[in-house]
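Colleague: The structure that follows is given in the form of structure tokens.
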Amino acid sequence: MKRALAAMAAWVLLVSASLPPQVDDALILGDTLPSSLKAFNLLSGPYGRIPNGGVTSYRLNTPLFSDYAEKFRFFYVPKGKTIAWRDDDVLDFPVGSVLVKSFGYPADMRKPDDYVRILETRLLVRRETGWIALPYVWNADGSDAILKRAGLRVDVSWTHLDGKPRTISYAVPNVNQCKGCHDNGANGLGLIGPKARNLNRDGQLQALYSAGKLDRLPANVPRLPVWNDPATGSVEMRARAYLDVNCGHCHNRSGPANTSGLWLNLEQAPDPNLGIGKRPTAAGRGSGNDDFAIDPGHPERSIMIYRMQSLDPGIAMPELGRASVHEEGVALLSQWIAAMPMKDAVHP
Amino acid sequence: MKPIPFLIAASLLAITNPAFADILRVDAGADAQSRLQAALIDAKPGDTVEIGAGRFELTDGLSLDVDRVTVRGAGPGATILSFKAQKGAGEGLLITADDVVLRGFAVEDSRGDGIKSKAANRIVYYDLRVEWTGGPKASNGAYGVYPVESTDVLIDKVTVRGASDAGIYVGQSKNIVVRNSIAMFNVAGIEIENCYGADVYQNIAMHNAGGILVFDLPNLPQKGGHAVRIFSNRTEKNDTPNFAPKGNIVAGVPNGTGVIIMANRDVEVFNNVIGENGSTNIFVVGYRNSFTDAGYNPLPSNVSIHGNMHGRAGYAPGPQFEGGAQMVAAMGSVPPIVWDGTGNNIRVTDKVPTLSLGLSDPKDRATSANPKIVDLGTGPEPASLQAIALPSSMEAAIR
């Protein structure tokens with residue numbers, strides 16, 4: 001009997017050595033919080049630059065700004081399972097799925113593909129009980145990333161788009177901060193990025209559907225504009241796309257910032273709750289002595305712009321992942337607000 | 001031996017058999033940020049995170065998202081969470097879980113709000129201090145303690161100093177008690193905003209710009225604030241010039257106001273000691289700004305003011321108090337109770353003069369008003385509001 005077992009173990013070893021690495025479904029579905037990213041077998045190579053079999057890379061039309069970090073996105077859906085289509089909401093990934101996002105900085109932002117240093121990889125893992133967030137920080141040699149549930153700050157330097165050196169205190173979020181953005185409005189976590197309209201590019205949805213990973217694909221899927229590509233939409237459409245992705249996950253009727261009454265998701269009508277002529281609620285010194293979130297025609301006295309331009313934690317918006325001002329985002333929203341017809345009615 | 005009644009037996013069991021509740025102890029020292037945050041993440045429902053005495057130098061906001069956790073320090077003078085070096089997050093400590101008890105520590109110099117709790121039902125703030133140690137400054141954070149969107153809120157024995165908005169602020173919540181607390185050198189001492197059901201009693205609000213505020217604002221998920229009782233408080237010597245950033249509603253609070261009731265209904269103000277307030281002791285007004293919100297009522301109604309003890313008022317009206325200088329010139333001082341004249345069923349039986357500005361719309365400027373002393377004590381006495389009752393678990397948590 002003992003011998004038979006030993007022979008079987010040897011056979012298992014042999015077979016596993018010759019097969020491509022398999023994603024560990026049992027680990028995904030279990031109830032542990034694995035301390036090593038490697039254990040999932042989702043990624044290979046130094047800093048996990050190569051997705052393993054069954055792990056698909058994807059891109060978004062308008063991504064969340066994260067301190068100018070380059071982001072590499074992947075998802076994993078277990079064999080035989082499909083993603084359920086949703087019209088306006090994020091697609092419904094089945095239990096056993098993982099969304100993977102690695103964050104890194106190139107040495108020179110003008111050559112974004114060269115010498116990228118990966119800092120961290122965040123997982124959102126869908127278990128029977130819902131999504132959980134697991135932030136992993138890469139070790140010095142890129143052989144594995146270690147779970148840091150309490151978050152971490154790392155100094156990061158690069159040459160910026162203007163050719164000047166930059167250093168920021170980069171924040172790896174703690175798991176509560178993960179939920180701070182990935183709040184599903186029902187005391188659990190949810191996804192933000194992979195809505196059909198944001199995934200609708202490069203034939204991604206068609207490829208998913210053809211591969212049997214998406215349960216259906218309606219005709220005429222809406223497409224979210226690319227925030228910095230004028231060919232994809234007007235200034236207003238791109239500004240609303242930018243707000244939807246960067247702010248709308250908190251600033252909506254049921255999100256973490258709902259009590260501000262400032263709702264910036266794409267579905268919000270252009271009324272006071274979008275910020276137009278809206279006075280601050282609990283902004284404190286975030287108001288910057290201005291009266292309205294959006295003062296039509298006047299980006300220079302709109303609280304929204306003031307808060308996007310600040311790095312002071314008591315003022316800055318978004319509150320998390322913002323050690324730098326997103327100059328290009330500020331420029332887009334300023335352009336949008338400047339073009340709004342001025343409303344005398346809101347000036348007493 | 002008599003049989004032990006079931007309830008007592010159950011509670012004895014709870015005391016003698018602490019089940020699986022753990023104490024996670026965190027002491028001051030290096031790497032306080034990650035050790036304290038890790039404890040707040042690792043805590044299981046029922047656990048206590050015990051923070052030792054000393055100074056904790058924090059670099060980021062802290063947060064708790066686990067139900068039924070107690071965070072306990074060695075006292076508000078002994079356990080100090082300092083956020084002077086904070087690099088991120090909109091508040092010092094953020095609570096997003098139910099049945100949390102916070103007690104026995106201080107939060108100092110957070111860059112934004114001090115302690116915020118959102119959608120955190122049955123939260124208890126007890127024996128805490130939140131302070132901006134440089135004194136009142138516009139660069140201080142907005143709110144000291146900031147429960148919002150919660151049902152059942154208890155704030156007891158809390159001291160807040162230096163908030164650039166409100167020291168103790170409760171927003172868009174239901175069933176609230178604020179008591180035995182001290183608010184000093186804030187723009188607003190205590191503010192109840194867009195809330196349903198609050199008892200504010202036995203507090204001291206001194207040296208703020210405005211002492212105790214009951215406000216309602218448009219365009220928010222919860223509006224129509226009502227059923228608020230302000231009683232047995234001292235709101236005196238509110239003599240700190242308003243230092244709120246413009247644009248915020250409290251920037252309009254006149255320097256030296258004891259109590260302001262704005263756009264709420266069913267409010268009782270009684271048995272308070274209110275005096276040495278340069279603008280006025282009690283100010284009842286409508287919402288003055290233009291707004292677009294069909295479901296919002298900008299007027300006060302059913303406000304009953306009785307049995308308050310008044311000290312000196314109106315001798316130095318702040319620049320935010322329109323027409324104040326003219327009133328001082330005409331009458332020697334602003335009367336201790338001022339009503340803008342809007343809304344209905346405002347009843348005052350305090351034995352001091354009440355001035356009506358005689359406005360028909362709160363947006364009208366006070367300078368164009370026709371102010372006169374009025375007697376608001378003649379109408380029928382309104383029914384008393386019910387006392388707020390909190391779940392017994394909340395009172396038990398602080399005994």
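Colleague: Give the calculated FRET efficiency between A:LEU311 and B:ALA383 to the nearest 0.05, with a Förster radius of 45 Å applied to their Cβ-Cβ distance.
Modeller: 0.30
Colleague: Toward the positive end of the charge dipole of segment A:203-348, about the Cα centre and with charges on Cβ (Lys, Arg +1; Asp, Glu -1), which of A:ILE294, A:LEU243, A:GLY277 goes farthest?
Modeller: Among A:ILE294, A:LEU243, A:GLY277, the one farthest towards the positive end of the dipole of segment A:203-348 is A:LEU243.
Colleague: If you take the beta carbon distance between A:ARG59 and A:ASN187 as r and set R0 to 35 Å, what does 1/(1 + (r/R0)^6) give as a FRET efficiency, to the nearest 0.05?
Modeller: Working from the Cβ atoms, E equals 0.70.
Colleague: Additional query: Sorted from fewest to most neighbouring beta carbons within 10 Å, what does the list B:LYS116, A:LYS81 look like?
Modeller: So the residues, fewest neighbours to most, are A:LYS81, B:LYS116.
Colleague: For a footprinting-style exposure proxy, rank B:SER392, A:SER324 by other Cβ within 10 Å, fewest first.
Modeller: Lowest count first: B:SER392, A:SER324.
Colleague: Need one value for B:59-66: mean number of C-beta atoms belonging to other chains within 10 Å of its residues' C-beta atoms.
Modeller: Whole-number average of other-chain Cβ neighbours for B:59-66 is 5.
Colleague: Next question, about the same structure. For chain B, just the Cα set please: Rg and Dmax, both in angstrom.
Modeller: Rg then Dmax for chain B, in Å: 22.0, 79.
Colleague: From the residues B:ILE168, B:SER290, A:PRO34, which one has its Cα farthest along the dipole of the protein assembly as shown in the positive direction, the dipole being from +1 and -1 charges on Cβ of Lys/Arg and Asp/Glu about the Cα centre?
Modeller: Result: A:PRO34.
Colleague: To the nearest 10 degrees, how steep is helix B:32-42 against the longest Cα principal axis of chain B, on a 0 to 90 scale?
Modeller: 80
Colleague: Another one. Can you list the lysines whose alpha carbon sits under 24 Å from that of B:LYS237, skipping same-chain ones fewer than 8 residues off?
Modeller: B:LYS137, B:LYS157, B:LYS246, B:LYS351
Colleague: May I ask which of A:LYS38/A:LYS111; B:LYS118/B:LYS223; A:LYS38/A:LYS71; A:LYS179/A:LYS213; A:LYS81/A:LYS148; A:LYS179/B:LYS87 have a Cα-Cα span longer than 21 Å here?
Modeller: A:LYS38/A:LYS111; A:LYS179/A:LYS213; A:LYS81/A:LYS148
Colleague: Sort out for me the Cα centre separation of segment B:72-147 from segment B:262-283, rounded to whole Å.
Modeller: 27
Colleague: Same structure, new question: Which ordering of A:TRP138, A:TRP85 is given by a fewest-first count of other beta-carbon atoms within 10 Å?
Modeller: A:TRP85, A:TRP138
Colleague: Let me ask something else about it. Using a simple charge model, +1 on the beta-carbon of Lys and Arg, -1 on the beta-carbon of Asp and Glu, nothing else, what dipole does segment B:260-399 show about its Cα centre, in debye to the nearest 20?
Modeller: About 160 debye.
Colleague: Let me ask something else. If I model a spin label as a point 7 Å beyond the Cα along the Cα-Cβ vector, how far apart are those points for A:VAL325 and B:ASN344 in nm?
Modeller: Each label point is offset 7 Å from its Cα along the Cβ direction, giving 5.2 nm.
Colleague: Using the alpha-carbon centroid of each, what span in Å lies between segment A:272-292 and segment B:349-392?
Modeller: Using only Cα atoms, the two centres lie 29 Å from each other.
Colleague: Per residue of segment B:320-332, what does 6.51 cos²θ - 1.76 cosθ + 1.60 with θ = phi - 60° give for ³J(HN,Hα)? Whole Hz please, x for Gly and Pro, Karplus curve as stated.
Modeller: 6, 8, 5, x, x, 4, 5, 5, 4, 5, 7, 10, x
Colleague: Sticking with this structure for a sec: Please state the charge dipole magnitude for the protein assembly as shown, taken about the Cα centre, from unit charges on C-beta atoms (+1 on K and R, -1 on D and E), reported in debye and rounded to the nearest 20.
Modeller: My answer is approximately 1200 debye.
Colleague: Rounded to the nearest 10 degrees, what's the angle between the helix A:235-246 long axis and the longest principal axis of chain A, both from Cα atoms, 0 to 90?
Modeller: 50
Colleague: Per DSSP helix of 4 or more residues, -39500 (n - 2.57); summed, then divided by the residues of chain B. What does that give at 222 nm, rounded to the nearest 500?
Modeller: -2500 deg cm²/dmol, from helical runs alone.
Colleague: Let me ask another. Modelled label-to-label distance, B:ALA330 and B:TYR296, 7 Å Cα→beta-carbon offset: nm?
Modeller: 3.0
Colleague: Okay, moving on. If you take the charge dipole of segment B:79-182 about its Cα centre, with +1 on Lys and Arg Cβ and -1 on Asp and Glu Cβ, which of B:ASN121, B:SER150, B:TRP132 is farthest toward its positive end?
Modeller: Highest projection toward the positive end goes to B:TRP132.
Colleague: Ordered by residue, what ³J(HN,Hα) values in Hz, to whole numbers, does segment A:178-192 give under the Karplus form 6.51 cos²θ - 1.76 cosθ + 1.60, where θ = phi - 60° and Gly and Pro are x?
Modeller: 4, 5, x, 9, 8, 7, 8, x, 10, 6, x, 9, x, 8, 10
Colleague: Taking the Cα centre of segment A:298-342 as origin, sum charge times position over the Cβ atoms of Lys and Arg (+1) and Asp and Glu (-1), and report the length of that vector in debye to the nearest 20.
Modeller: 100
Colleague: Related question: Springs between alpha-carbon pairs under 10 angstrom, Gaussian network model over chain B: which of B:ILE23, B:ILE115, B:ILE261 fluctuates most?
Modeller: Comparing B:ILE23, B:ILE115, B:ILE261 in a Gaussian network model of chain B, the most mobile one is B:ILE23.
Colleague: Please express the Cα-Cα pair-distance distribution P(r) of segment A:62-201 as a list of whole percents, one per 10 Å bin, running from 0 to the bin with the greatest distance.
Modeller: 11, 38, 34, 16, 2
Colleague: Using alpha carbons only, how many degrees (0 to 90, rounded to 10) separate the axis of helix A:327-338 from the longest principal axis of chain A?
Modeller: 40
Colleague: Among A:111-117, B:281-287, B:80-86, A:39-45, what's the highest-first ranking by average C-beta atoms within 10 angstrom per residue?
Modeller: Sorting A:111-117, B:281-287, B:80-86, A:39-45 by mean packing, highest first, produces B:281-287, B:80-86, A:39-45, A:111-117.
Colleague: Still on this model: Run the simple label-point estimate for B:ARG365 and A:LEU217 please: 7 Å along Cα→C-beta, distance reported in nm.
Modeller: Between B:ARG365 and A:LEU217, the label points sit 6.4 nm apart.
Coordinate-derived values only; no laboratory data. Worth saying up front: this structure is predicted, and the values here are computed from it rather than measured. We place every Cβ from the backbone using ideal geometry, glycine too, and count neighbours over all the protein chains shown.
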